[in-house]
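A short worksheet on the structure shown next.
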Amino acid sequence: MPSKRYKKALELVDAKKLHALNSAVEVLTRFPKAKFNETVELAFRLGVDPKQSDQMVRGTVPLPHGSGKTVKVLVFAKPGGAADAARAAGAEHVGYEDLIKQCNEGWADFDVAIATPEAMSEVRKLGKVLGPRGLMPNPKTGTVTPNVAQAIKEIKAGKVEFRVDKTGIIHAPLGKTSFSAQSLIENAHALVDSVVKAKPSAAKGRYLKSVTVSSTMGPGVAIDTAHIDERAKAQ
């Protein structure tokens, strides 16, 4: 049974209307607020076949105003300079064999995992454990790097990762309901631009089938992808 707050939010949404990106975000900011600071996210339904390796869509984007989320970072690094730099940069968990063992046993009290290239010889064995959870370090997303301090700084500042799931959908956060409409709009444009740029050359037909913005406890607001296509052509 929908809550009174959800019903009031739904009254602000015209289910038959497609909004420009800015307008969709502004509609969402007028929803009645929940008792907690909800996450705002964009959902993209893509015209790709994720089963084909050449149609995988993934990447990272630094949100101009951050994600509003406190991110727990784990760094796999052998004892020494990189491990010390990771601790100094604010990583919550730093280690090597001990953390690999903990992860193998099912522990996952972190949001992002970073590894030095040297550590990857053993960390890659965690693929079956961390991969399905979207936590496996990957050079394409900047989470396999010798410069762990810089990677931590970017992630803590609001760099988010996006990845298409097996149904062809990307869910990615763009901020919190406590953000101003302008901050959410600027974050949304950064995220949309990055997803558009990540279009695989092997993808045929319409790439953005639908895009929706929503909050954790609120209804979705549909976005007119034609506006996004026009913006992409202008860049």
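What to note about this one:
- Single residue of the range 28-56 satisfying the filter (surrounded by fewer than 19 Cβ atoms within 10 Å (Cβ to Cβ) and among the aliphatic types (A, V, I, L, M)) that is modelled with the highest pLDDT: A43
- Which listed residue, of I155, I170, I185, I228, is within 25 Å of D54 (Cβ to Cβ) and either of a type in the set (S, T, Y) or at pLDDT 90 or above (or both): I170
- For A157, the conditions (1) open to solvent by less than 50 Å² (accessible area, probe 1.4 Å); (2) of a type in the set (A, V, I, L, M, F, W, C); (3) closer than 24 Å to V192 by Cα are fulfilled apart from (1).
- Only one of the listed residues (S178, S214, S183) is of a type outside the set (K, R) and surrounded by fewer than 18 Cβ atoms within 10 Å (Cβ to Cβ). That residue is S178.
- Residue within the range 118-130 that is assigned to a loop (DSSP other than H, G, I, E, B) and touching a helix residue (DSSP H, G or I) at 6+ places or on another chain (Cβ under 6 Å) present: no
- Scanning the range 152-173 for residues that are touching a helix residue (DSSP H, G or I) at 6+ places or on another chain (Cβ under 9 Å) and outside any loop (DSSP other than H, G, I, E, B) yields I152, K159, V160, E161, F162, R163, I170, A172, P173.
- D98 being surrounded by fewer than 17 Cβ atoms within 10 Å (Cβ to Cβ), assigned to a loop (DSSP other than H, G, I, E, B) and of a type in the set (D, E): no
- Qualifying residue in the range 54-63 (condition: among the small types (G, A, S), in contact (Cβ under 8 Å) with a residue 60 or more places away in the chain and under 24 Å from A108 (Cβ atoms)): yes
- When restricted to residues that are under 15 Å from A91 (Cα atoms), polar (S, T, N, Q) and assigned to a helix (DSSP H, G or I), the range 132-150 contains 1.
- Residue match in the range 31-47 (condition: part of a strand (DSSP E or B) and farther than 24 Å from P132 by Cβ): yes
- Contacts under 9 angstrom Cβ, first residue in the range 1-19 being farther than 15 Å from R30 by Cα, partner at pLDDT 85 or above and part of a helix (DSSP H, G or I), 6 or more apart: L18/A24; L18/T225; L18/A226
- Candidate set: the range 20-30, residues that are in contact (Cβ under 8 Å) with a residue 40 or more places away in the chain and not in a loop (DSSP other than H, G, I, E, B); chosen: the one farthest from R206 (Cα to Cα): T29
- Flag if N104 is polar (S, T, N, Q), free of Cβ contacts under 8 Å to residues at least 24 places away in the same chain and out of contact with any Ser or Thr (no Cβ under 8 Å at 6 or more places or on another chain): no
The values are calculated or read from the model by the stated rules, or taken from the named source; none is laboratory data. Just so we're clear, the structure is a prediction, and the values are computed from it rather than from any experiment. Neighbour counts are summed over all protein chains in view; Cβ atoms, including those assigned to glycine, are modelled from backbone coordinates with ideal geometry. What goes into the accessible areas is simple: the full protein's heavy atoms, side chains included, and nothing from ligands, DNA or RNA. Shrake-Rupley method; radii C 1.70, N 1.55, O 1.52, S 1.80 Å.
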